[in-house]
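J.: Quick one: the structure is below, questions incoming.
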Amino acid sequence: MNNPITVLGRRDFLKVGLAASSGLWLGLRLDDAAALDAPATGDFAPNAFVRIGRDDSVTVIAKHLEMGQGVHTGLATLLVEELDADWAQLRIEAAPADASRYNNLKWGPYQGTGGSSSISNAWLQMREAGAMARALLVSAAAAQWQVDAGEVTVVKGRVRHAASQRESGFGALVDAAARLPLPGEVKLKAPRDFVYIGKSAPRSDGAAKSRGAALYTIDLRLPGMRHAVMLHPPRFGATPAKVDDTAARAVPGVHAVLRFDEGVAVVADSLWVALRGRDALAVEWNDSAALRLDSEAQRQDYRERAARAGQALRNDGDVEAALGAAPSVVEATYEVPYLAHASMEPMNCVAQLGEHGCDLWYGAQSLTSDQAKVAALLDIAPTQVRIHQQFAGGSFGRRADIGAGYVLEAVRIARALGDGRPVKLQWTREDDMRGGRYRPAATHALRGALSADGELTAWQQRIVCQSLWGGDGLRAGKVDKTIHEGASDLPYRVTNLCVEAHVADIALPVLWWRSVGHTHTAFAVECFIDELAHAAGKDPVALRRALLRDDPRRLAVLDLAARESGWGTALPAGRGRGIAVHRSFGTWVAEVVEVSTDADGGFKVERVTVAVDCGLAINPDVIRAQMEGGVGYALSAALAGEITLKDGVVQESNFDTYPLLRMSQMPPIEVHIVASEEAPSGVGEPAVPPLAPALANALFAATGKRQRRLPFRGGV
């Protein structure tokens, strides 16, 4: 891992600070040589996290994509806390693509957003950036006032010396601060001194989004911009064989019809005209290499594979012997389907090519990866690919496309047009639902052994799933962890434990979906432990408690969720509670779902209780929002989420056939945050995995029927 923070040398600092001309820049970078090579253009070198203006404004440079999760607010909170700025001074700018300065410290030399890593990787980095700025301002004030720096305080953006009653805003000190040597080390606040951290500061983007003023790529209009849509083949792997574009070109406003390996693009004055042109295309597809997957046949194949031994991922004790000797063996198979990301803003990107390189406008989740792929396509240097970061209307992993699919499409179209004008490629929701990337389908076959007194003596789990890496899922000899994370690291104390995997090599494009592998492993594990508890005649919470005695943080959220939900208290007939607990991305979450059922086999989720331990709570409101959003997202998938294929064609196309949770279906959600001074972990993803198993377990408690296949579309 690279150092989270270093500082500009004297020469760099002056160069950048003076060139900025409107305020004080603090550079935080990875090595001095890189900064020395940075151009002294005055348009602010990209190795800065904070800029302080003469108008007292504090601009925080956010290295992570804001896609609704509140990361801009979180990053700014860390920096403003140590700077002792006033929240009203705050402005936020998105960082450009530059991994040497805006590296995700958990991922190595790579700038990107995901895996609930934003706050945890920037926890010290942003605080040190703020503390360093504060130290310079204090030193500048002390020098001007001829007082000891230790007597100077900063409160809500005002620098003060109490004894002399001198006071200043930040802006009046930036020139003097820019001429000072940088402090070697800075002292960070103790948690007891936090002003913003742990409080619910208002979201930096909340007002603009509420007013509709926030700018997303779908809103973007650039001078001379044209609009493009792509017609993709109905089956993955097919290519255009014959294209008749006569009618499409006859649509007024259509400028070009372009043929590529992956489809046919129509470029027009507006999106509406481009869509009309696309509708007029007549295309015959070459299906000779197309995928002709059928969901029902795939499910049967997965079940047959799961009945056989796979590649061992963990093998403790002697599972077969323990299963053979046990007086009671419980067996169950759990199945989850392909899922779409279904972000509210479909994929889009604006591309413009010129003699100086390529400019891109979009919500980029994998900035430097996309930058490198575009550079390779155009045979230019990565620095010639400039990404202008926009808000993203959701992602859930979709915009972290490791192939940069829709981005490269936009660039290819711009290159083919060759006129230097910007072109916006817009995927429709149908395009993304039928031709996007999916959470892999998976099958888990489990066997568990119980002793005569109900003790768990063996656990065997066989997983069949595609790898996000493709092929055999092997990298450096290790199986893609997204197939088995949450299972091979089973937290329950079982002496005889075996987890195996079959990696399905299927050409259907798959991608991380919110919570990634934990979404299917948690469903299988937490449903099966519930089945074992029932078979052993034990309370599901009590059995978990007994098997989690080595995992105090998991135990704590389990107990908190159980207590707050009223676990163990009586419910009316037809009602039931189910519980699940899971750790993902360094965060522990337990959820209790309460359901009611009706005589027709339907059910309603009445209430969800969430307990979360994400370390120190930076912004409780954002944490609650992420827990609630995660529950809603997971419930949406549990009730109806499913991508199915017949003869290789995706059957779902929009929210009519892939319904999302309606407001009327959203249950009351109570979120309880464990008080902690541990370093913060992520909150964007960990609320998702426990929901489906807790719901399945609640349905069993209410009806006595096990639900082992998602979604629960058919009721109970």
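The values are calculated or read from the model by the stated rules, or taken from the named source; none is laboratory data. Note that the structure is predicted; figures quoted are calculated from it, not measured. All Cβ positions, even for glycine, are placed from backbone atoms using ideal geometry, and neighbour counts span all protein chains on display. Ligands, DNA and RNA are stripped out before the accessible areas are found, and what is left, the full protein with its side chains, is counted by its heavy atoms. Shrake-Rupley method; radii C 1.70, N 1.55, O 1.52, S 1.80 Å.
J.: If only one of Ala351, Ala342, Ala332 is within 29 Å of Leu710 (Cβ to Cβ), in contact (Cβ under 8 Å) with a residue 60 or more places away in the chain, open to solvent by less than 20 Å² (accessible area, probe 1.4 Å) and assigned to a strand (DSSP E or B), which one is it?
T.: Values: Ala351 fails: within 29 Å of Leu710 (Cβ to Cβ); Ala342 fails: assigned to a strand (DSSP E or B).
After applying the criteria, what remains is Ala332.
J.: Can we say Asp432 is at pLDDT 95 or above and within 22 Å of the chain's Cα centre (by Cα)?
T.: Working: at pLDDT 95 or above: yes; within 22 Å of the chain's Cα centre (by Cα): yes.
For Asp432, the condition - at pLDDT 95 or above and within 22 Å of the chain's Cα centre (by Cα) - is met.
J.: A further question on this structure: Mind checking which residues of region 645-657 are under 24 Å from the mean Cα position of the chain (by Cα) and either over 30 Å from Leu293 (Cα atoms) or surrounded by fewer than 18 Cβ atoms within 10 Å (Cβ to Cβ) (or both)?
T.: Start the filter on region 645-657 by keeping residues that are under 24 Å from the mean Cα position of the chain (by Cα), which leaves 652-655.
Result: Ser653, Asn654, Phe655.
Matching residues to (1) open to solvent by less than 40 Å² (accessible area, probe 1.4 Å); (2) touching a residue at least 24 places away in the same chain (Cβ under 8 Å); (3) assigned to a strand (DSSP E or B):
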{"position": "Pro252", "(1), (2), (3)": "no, no, no"}
{"position": "Val267", "(1), (2), (3)": "yes, yes, yes"}
{"position": "Trp272", "(1), (2), (3)": "no, no, no"}
{"position": "Leu291", "(1), (2), (3)": "yes, yes, no"}
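J.: Output the number of residues of region 162-191 satisfying the condition of being among the acidic types (Asp, Glu) and either farther than 26 Å from Leu78 by Cβ or at pLDDT 90 or above (or both). Steps first, please.
T.: So in region 162-191, the residues among the acidic types (Asp, Glu) come out as 167, 175, 185.
From what's left, either farther than 26 Å from Leu78 by Cβ or at pLDDT 90 or above (or both): 167, 175.
Residues meeting the conditions: 2.
J.: Checking Leu660 against (1) of a type outside the set (Val, Ile, Thr); (2) in a helix (DSSP H, G or I); (3) open to solvent by 30 Å² or more (accessible area, probe 1.4 Å), which single condition isn't satisfied?
T.: Here Leu660 meets the rest and fails (2).
J.: I'd like to verify a number: residues in region 300-329 that are surrounded by fewer than 16 Cβ atoms within 10 Å (Cβ to Cβ) and under 28 Å from the mean Cα position of the chain (by Cα), how many?
T.: Selection size over region 300-329: 1.
J.: How about region 42-161: which helices (runs of 4 or more DSSP H) wholly inside it have at least 3 residues that are on the phi < 0 side of the Ramachandran plot and open to solvent by 10 Å² or more (accessible area, probe 1.4 Å)? Don't jump to the end; show me each part of the working.
T.: Numbers: elements: 71-83, 99-102, 118-145.
Because the criterion is at least 3 residues that are on the phi < 0 side of the Ramachandran plot and open to solvent by 10 Å² or more (accessible area, probe 1.4 Å), the helices (runs of 4 or more DSSP H) in region 42-161 that meet it are 99-102, 118-145.
J.: Hey, could you check region 469-486 for residues that are in contact (Cβ under 8 Å) with a residue 60 or more places away in the chain and part of a loop (DSSP other than H, G, I, E, B) and say which is least open to solvent (accessible area, probe 1.4 Å)? Walk me through it before giving the result.
T.: Quick first cut of region 469-486, residues in contact (Cβ under 8 Å) with a residue 60 or more places away in the chain only: 479, 484-486.
Filter once more, keeping what is part of a loop (DSSP other than H, G, I, E, B): 484-486.
Working: His484: 25, Glu485: 22, Gly486: 6 Å².
The extreme case among them is Gly486.
J.: Identify, from the list Ser210, Ser204, the residue that is farther than 29 Å from Ala265 by Cα and either of a type outside the set (Gly, Ala, Ser) or surrounded by 13 or more Cβ atoms within 10 Å (Cβ to Cβ) (or both).
T.: On the way: Ser210 fails: either of a type outside the set (Gly, Ala, Ser) or surrounded by 13 or more Cβ atoms within 10 Å (Cβ to Cβ) (or both).
None of the other options fit; the residue is Ser204.
J.: If Ala687 satisfies every condition in (1) in contact with a Pro (Cβ under 8 Å, 6 or more places away or on another chain); (2) closer than 30 Å to Trp123 by Cα; (3) open to solvent by less than 40 Å² (accessible area, probe 1.4 Å) but one, which is the exception?
T.: For Ala687, the exception is condition (1).
J.: Out of all the residues in region 369-393, which are part of a helix (DSSP H, G or I) and either open to solvent by less than 40 Å² (accessible area, probe 1.4 Å) or acidic (Asp, Glu) (or both)?
T.: Within region 369-393, the subset part of a helix (DSSP H, G or I) is 369-378, 382-384.
Within region 369-393, Ser369, Asp370, Gln371, Val374, Ala375, Leu378 qualify.
J.: Considering only residues that are open to solvent by 40 Å² or more (accessible area, probe 1.4 Å) and in contact with a helix residue (DSSP H, G or I) (Cβ under 7 Å, 6 or more places away or on another chain), which ones fall in region 666-684? Talk me through it step by step, then tell me what you get.
T.: The initial filter retains those residues of region 666-684 that are open to solvent by 40 Å² or more (accessible area, probe 1.4 Å), namely 666, 668, 670, 672-673, 675, 677-679.
Result: Met666, Glu670, His672, Ile673, Glu677, Ala679.
J.: Among the listed residues Arg259, Arg314, Arg278, identify the single one that is part of a strand (DSSP E or B) and closer than 20 Å to Leu231 by Cβ. Talk me through it step by step, then tell me what you get.
T.: Numbers: Arg314 fails: closer than 20 Å to Leu231 by Cβ; Arg278 fails: part of a strand (DSSP E or B).
Only one candidate qualifies: Arg259.
J.: Could I ask something else about it? Do you know which residues across region 583-612 are farther than 21 Å from Gln665 by Cβ and open to solvent by 10 Å² or more (accessible area, probe 1.4 Å)?
T.: Matches in region 583-612: Arg583, Phe585, Gly586, Trp588.
J.: Continuing with the same structure: Quick check: anything in region 692-710 surrounded by fewer than 14 Cβ atoms within 10 Å (Cβ to Cβ) and either free of Cβ contacts under 8 Å to residues at least 60 places away in the same chain or outside any loop (DSSP other than H, G, I, E, B) (or both)? Please lay out each step first, then the result.
T.: Narrowing region 692-710 to residues surrounded by fewer than 14 Cβ atoms within 10 Å (Cβ to Cβ): 704-705.
Restricting the remaining residues to those that are either free of Cβ contacts under 8 Å to residues at least 60 places away in the same chain or outside any loop (DSSP other than H, G, I, E, B) (or both) gives 704-705.
Yes, that holds for at least one residue.
J.: Going by the conditions given, is Arg447 buried (at least 24 other Cβ atoms within 10 Å of the Cβ) and either in contact with a Leu (Cβ under 6 Å, 6 or more places away or on another chain) or not acidic (Asp, Glu) (or both)?
T.: Working: buried (at least 24 other Cβ atoms within 10 Å of the Cβ): no; either in contact with a Leu (Cβ under 6 Å, 6 or more places away or on another chain) or not acidic (Asp, Glu) (or both): yes.
No.
J.: Now for a different question. Does region 620-642 include one or more residues that are at pLDDT 95 or above, of a type in the set (Phe, Trp, Tyr), in a helix (DSSP H, G or I) and open to solvent by 20 Å² or more (accessible area, probe 1.4 Å)?
T.: Within region 620-642, one or more residues are at pLDDT 95 or above, of a type in the set (Phe, Trp, Tyr), in a helix (DSSP H, G or I) and open to solvent by 20 Å² or more (accessible area, probe 1.4 Å).
J.: Considering region 354-363 alone, what residues qualify as being part of a strand (DSSP E or B) and buried (at least 17 other Cβ atoms within 10 Å of the Cβ)? Full working, then the answer.
T.: We begin by selecting, within region 354-363, every residue part of a strand (DSSP E or B); these are 354, 357-362.
Result: Gly357, Cys358, Asp359, Leu360, Trp361, Tyr362.
J.: A follow-up question, please. Which one is farthest from Ala701 (Cα to Cα) among residues in region 519-563 that are open to solvent by 30 Å² or more (accessible area, probe 1.4 Å) and in contact with an Asp or Glu (Cβ under 8 Å, 6 or more places away or on another chain)?
T.: Arg553
J.: Kindly provide the set of residues from region 615-649 that are in contact with a Cys (Cβ under 8 Å, 6 or more places away or on another chain) and closer than 30 Å to Gly602 by Cα, ordered by number.
T.: If we filter region 615-649 for residues that are in contact with a Cys (Cβ under 8 Å, 6 or more places away or on another chain), which is where we start, we get 623.
Passing the criteria: none in range.
J.: For region 451-468: of the residues being assigned to a loop (DSSP other than H, G, I, E, B) and open to solvent by less than 10 Å² (accessible area, probe 1.4 Å), which is nearest to Ala332 (Cα to Cα)?
T.: At the first step, the residues of region 451-468 found to be assigned to a loop (DSSP other than H, G, I, E, B) are 451-455, 467-468.
Then keep just the ones that are open to solvent by less than 10 Å² (accessible area, probe 1.4 Å); that gives 454, 467.
Values: Gly454: 18, Ser467: 23 Å.
For region 451-468, the residue satisfying everything is Gly454.
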